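Here's the structure, in structure tokens; my notes come after.
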């Protein structure tokens, strides 16, 4: 039986989830092809002549990767929650409105045009992915608006059509590109968590956490919107304001995630459902918990991606699908029974 | 009593050639139970949507509690007018109490949580609609009648003086139809709410409502006391159907007579 959510319950659950996240991050940072010892790590960087390899691996390789996994997992999961609420569709995920194909198109354009300039020490791929993602969402939004103010079906269809069209363009560009270029594009499309620049990580984390806090602020309105636009309006919700804010924030944090890590599937679809099945649909709780669970899930998935076929690495998207699919089905069967029992 | 809803020269249509409502004016006094009846396509739901600003009129004015409807922001308007629409079950399984609590969204604190007053309003609404017993169950697990009571509870929890309902008893069996109207009537009498309900059931309307707005095609409308408006002639004129009228005490009842109704030729006058 689900009781009403209270601030106390929300704080206890969020803090508990954060503690689990910290534990998972710590445990996963010790796992890998090279075994490292905590003691060595905490003994510091070492003197100039004798580099401490355990510390170097921990700080320069594993920590950035784990922070990025957290950031991307949280962004995708929260964005999934928001798109499912806005579109009132359980099949919605962060990529449903064309972010994936837009980002993909941006990447392949960057790759085949052979751009070799650097912006702030970075290759143009991430910028093109970011611009492609946001540009496409904007395009879908405009087309959706033409069918009505916030016409859910119109928006969804616009998303599907734009996705299909851009995917075709990606296929076309892939067919005319050189094999080396194709390889780097495909690798990117499969999702890949590597980032060494702490400045980028902290900036990304700042934006994503800020976005999630902003989304939490409008979570009661998202609850009302789950009952449809007209109902929400009659409950005193400023529909246009809420929809635009939620849509823009969700699209922006997804674009950040995609530009940093490529396309990682399943997280944005499965995590919101899993959290909803266990804790209920109240967005005031669903958003923060989905963010944390998304982070936990992607940290674990990425760790598995690092170690399953070591020393080689799997694309993390493969792991999220293989790990997430069955886990979600178990949850679905278990909790659907519980819900139907309540009838 | 003052008019809580004042409509003046109201017109609405999606295109100028195809106006749904033309030049409609009426007033509803506070504490009245009014039914909007009329044939399909006459614009009943459109009118209801205009009264809660889900649609914007092309011309004319609507005043709620003395102020133009456009002068309210959404939160303030929700504090004046609560709406119960035709049944909509969200895809995600909100419980009954979560659903009712949403009516208090405009009053939530900075961190999005309800205070004591909100909880009290919700509890009162659950008690009044007899839905407290299943308040923790998911909305999707309820029967149509139970769910309709939950939506009425949500409208009551908004604590607004006006309640608009779009066919609150469609899809319900006789017992539940009467149950919903009993609930609405007691809400009117005990809490002094103004209730405006669209209905296709002229008998329920005749039994429970103080006033009727009979809305016919081409915005031919008639508003007044129930007995004045519901005459066999008016009903035939507006719906295009002859009726047999019977009386029980002071109440009139109408039986629509189709082409194949037995002895329909003989039944032309009012029988008492």
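Considering every Cα-Cα pair within segment A:240-338, what fraction, in whole percent, is farther apart than 23 Å? Could the numbers behind the result be given before it?
Values: 1644 of 4851 pairs.
Result for the distance tail: 34 percent.
In what order do A:190, B:102, A:22 fall by count of nearby beta-carbon atoms within 10 Å, going from fewest to most? Kindly include the intermediate steps, with their values, before the conclusion.
Working: A:190 16, B:102 27, A:22 11.
The most exposed by this proxy come first: A:22, A:190, B:102.
Over the protein assembly as shown, what portion of Cα pair distances is larger than 36 Å, expressed as a whole percent? It would help to have the intermediate numbers written out before the result.
On the way: 90869 of 188805 pairs.
Tail fraction, whole percent: 48.
Could you bin all the Cα-Cα distances of chain A into 20 Å bins starting at 0 and give me the percent of pairs in each, rounded to whole numbers?
Result, from short to long distances: 29, 57, 13, 0 percent.
Any chance you could list P(r) for segment A:266-310, counting all Cα-Cα pairs in 10 angstrom bins from zero, rounded to whole %?
Histogram of Cα-Cα distances, whole percents per bin: 28, 45, 19, 7, 0.
Specify the residue with the greatest mean-square fluctuation among B:238, B:91, B:255, computed from a Gaussian network of chain B linking alpha-carbon atoms under 10 Å apart.
B:91
For residue A:160 and residue B:23, what does the FRET efficiency come to when R0 = 41 Å and r is the distance between their Cβ atoms, rounded to the nearest 0.05? Kindly include the intermediate steps, with their values, before the conclusion.
Values: r = 44 Å, r/R0 = 1.06.
So the FRET efficiency works out to roughly 0.40.
Take every Cα pair under 8 Å in chain B that's 6+ residues apart, average their separations, divide by the length, and report that relative contact order as a whole percent. Walk me through the intermediate numbers first.
Working: 496 pairs, mean separation 60.1, N = 272.
Value for chain B: 22 percent.
Taking a cut-off of 17 Å, what percent of all Cα-Cα pairs in segment B:125-258 are separated by more than that? Walk me through the numbers before you get to the answer.
Values: 5568 of 8911 pairs.
Taking all Cα-Cα pairs of segment B:125-258, the fraction more than 17 Å apart is 62 percent.
Could you please tell me the mean projected area of the C-alpha convex hull for segment B:163-206, averaged over all directions and given in square nanometres to one decimal? Write down the numbers at each step before the final one.
Working: hull surface 11.5 nm².
Projected area, direction-averaged: 2.9 nm².
What FRET efficiency comes out for residue A:8 versus residue B:217 if R0 is 60 angstrom and r is the Cβ-Cβ distance? Round to the nearest 0.05. Mind dumping the intermediate values first?
On the way: r = 58 Å, r/R0 = 0.96.
Efficiency for this residue pair is about 0.55.
Once each part is reduced to its C-alpha centroid, what is the distance from segment A:57-86 to segment A:21-35 in angstrom?
About 16 Å separates the Cα centre of segment A:57-86 from the one of segment A:21-35.
Among B:185, A:178, which comes first, second and so on when ranked by fewest other beta-carbon atoms within 10 Å?
Values: B:185 16, A:178 10.
Taking fewest neighbouring Cβ atoms as first place, the list is A:178, B:185.
Bin width 10 Å, alpha-carbon pairs only: give the P(r) of chain B as whole percents, running from 0 to the bin holding the largest distance.
6, 28, 33, 22, 9, 2, 0
Once you sort the root eigenvalues of the Cα gyration tensor of segment B:12-51 as a ≥ b ≥ c, which label holds: rounded (a/c under 1.5), prolate (a/b larger than b/c) or oblate (the other case)? Let's see the in-between values first.
Numbers: a/c = 2.71, a/b = 1.84, b/c = 1.47.
Prolate.
When B:10, A:105, A:30 are ordered from fewest to most other Cβ atoms inside 10 Å of their Cβ, what list results? Could the numbers behind the result be given before it?
Details: B:10 21, A:105 24, A:30 15.
Sorted ascending by nearby Cβ count, the order is A:30, B:10, A:105.
If you take every DSSP beta bridge fully contained in chain B, what fraction is antiparallel? Give it as a percent rounded to 5. Each step should come with its number before you reach the end.
On the way: 28 of 45 bridges.
If we restrict to bridges inside chain B, about 60 percent are antiparallel.
At q = 0.15 Å⁻¹, what is the base-10 log of I(q)/I(0) for segment B:1-149 according to the Debye formula with one equal point scatterer per Cα and no solvent? Please give it to two decimals.
Log-scaled intensity ratios, in q order: -0.97.
Under a no-solvent Debye model with one identical scatterer per Cα of segment B:115-203, what's log10 I(q)/I(0) at q = 0.13, 0.21, 0.26 Å⁻¹?
Treating every Cα as an identical point scatterer, log10 I(q)/I(0) equals -0.41, -1.06, -1.50.
When chain A is modelled as a GNM with alpha-carbon springs shorter than 10 Å, which of A:137, A:237, A:81 fluctuates the most?
Taking springs between Cα atoms under 10 Å, the residue moving most is A:237.
Can you run the Rg to Rh ratio on segment B:94-159? Use alpha carbon positions and the Kirkwood inverse-distance Rh.
Numbers: Rg = 11.1 Å, Rh = 11.5 Å.
In segment B:94-159, Rg relative to Rh is 0.97.
Between residue A:194 and residue A:332, what is the label-to-label distance in nm when each label sits 7 Å out along the Cα-to-Cβ direction?
3.4
Can you give me the relative contact order of chain A as a percent, contacts being Cα pairs under 8 Å and 6 or more apart? Could you put the intermediate results ahead of the total?
Details: 491 pairs, mean separation 96.8, N = 343.
Here the relative contact order equals 28 percent.
State the Cα centre-to-centre distance between segment A:291-335 and segment B:89-140 in whole Å.
Comparing the Cα centres of segment A:291-335 and segment B:89-140, I get a distance of 36 Å.
Please report, to two decimal places, log10 I(q)/I(0) for segment A:120-256 at q = 0.09 Å⁻¹ as given by the Debye formula with identical point scatterers on the Cα atoms and no solvent.
For segment A:120-256 at q = 0.09 Å⁻¹, log10 I(q)/I(0) is -0.38.
If I model a spin label as a point 7 Å beyond the Cα along the Cα-Cβ vector, how far apart are those points for residue A:176 and residue B:76 in nm?
Spacing of the two 7 Å Cα→Cβ label points: 5.9 nm.
Using Cα springs under 10 Å in a Gaussian network model of chain A, which residue among A:74, A:133, A:158 shows the largest mean-square fluctuation?
A:158
Every number in this text was worked out from the coordinates using simple rules, so none of it is lab data. Just so we're clear, the structure is a prediction, and the values are computed from it rather than from any experiment. Please note: Cβ atoms are built from the backbone with ideal geometry, for glycine as well, and neighbour counts cover all protein chains shown.
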